[in-house]
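Reading through the structure tokens given below for one structure.
Throughout, read-outs are computed from the coordinates displayed, never taken from laboratory work. Everything quoted here is computed from the prediction, not taken from an experiment. Backbone-built Cβ (ideal geometry, glycine too); neighbour counts: all protein chains shown.
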Ligand SMILES: [Zn+2]
């Protein structure tokens with residue numbers, strides 16, 4: 001039976017949208033919520049490796065293993081794009097790129113390759129999760145909420161086999 005399961009994760013992070021015309025240009029934080037939905041056949045349990053997950057689309061513990069290391073990269077961090085100009089004065093050192101990177105890391109700055117909107121964060125989760133989906137999963141949906149009222153959602157097909 002094709003079934004969809006899902007689990008919600010949370011993390012706290014700061015960001016600022018450089019160049020934004022409104023309040024989002026200022027440094028602020030969110031209690032982000034990330035909902036991951038997987039659609040696929042429930043496992044039959046014929047394979048001994050599947051026995052523990054028989055009747056499941058995916059064991060929630062296995063889903064945790066896929067999602068939590070992504071959450072850990074973002075939790076209690078300052079999420080910035082590669083272009084955002086954030087200045088740290090390296091303590092007792094010079095302004096070399098290496099010193100600046102070290103200061104940023106100590107301050108919890110995470111440089112992501114994109115402007116840190118909910119839309120782009122959602123796509124980041126999808127890109128990092130889709131290639132790790134087991135064979136029975138055919139659909140992946142990620143929803144990222146910055147606030148109670150707003151969300152971004154990306155849905156993609158996974159493990160698609162094309163035949164011509
Ligand atoms: Zn924001």
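Points to keep in mind about this one:
- Using alpha-carbon coordinates, inclination of helix 118-130 to the longest axis of the chain, degrees: 50
- Based on Cα atoms of the stretch 43-90, Rg over Rh with Rh as the Kirkwood radius reads 1.36.
- Among 54, 103, sorting on how many other beta-carbon atoms sit within 10 Å of each Cβ, with the fewest leading, yields 54, 103.
- The Cα atoms of the stretch 2-157 cover 62, 34, 21 Å along the three principal axes, with the biggest extent listed first.
- Viscosity 1.306 mPa s, temperature 10 °C, Stokes-Einstein D of the stretch 7-88 from Kirkwood C-alpha radius, µm²/s: 102
- Axis of helix 97-106 versus longest Cα principal axis of the chain: the two differ by about 60°, to the nearest ten degrees.
- Each of 81, 163, 53 has some number of other Cβ atoms within 10 Å of its Cβ, and from fewest to most they run 163, 81, 53.
- Its relative contact order, with pairs defined as Cα atoms under 8 Å and 6+ residues apart, puts the chain at 25 percent.
- Counting only DSSP beta bridges whose two residues both lie in the chain, roughly 80 percent are antiparallel.
- This ranking places 141, 116 by how few other beta-carbon atoms lie within 10 Å of each, fewest first, which gives 141, 116.
- Length gained on full extension, residue 87 to residue 138, computed as 0.36 nm times the residue gap minus the Cα-Cα distance: 14.0 nm.
- In the chain, the longest principal axis of the Cα atoms and the axis of helix 60-74 are about 10 degrees apart.
- Computed [θ] at 222 nm, helices only, for the chain once each DSSP H run of length n ≥ 4 contributes -39500 (n - 2.57): -7500 deg cm²/dmol
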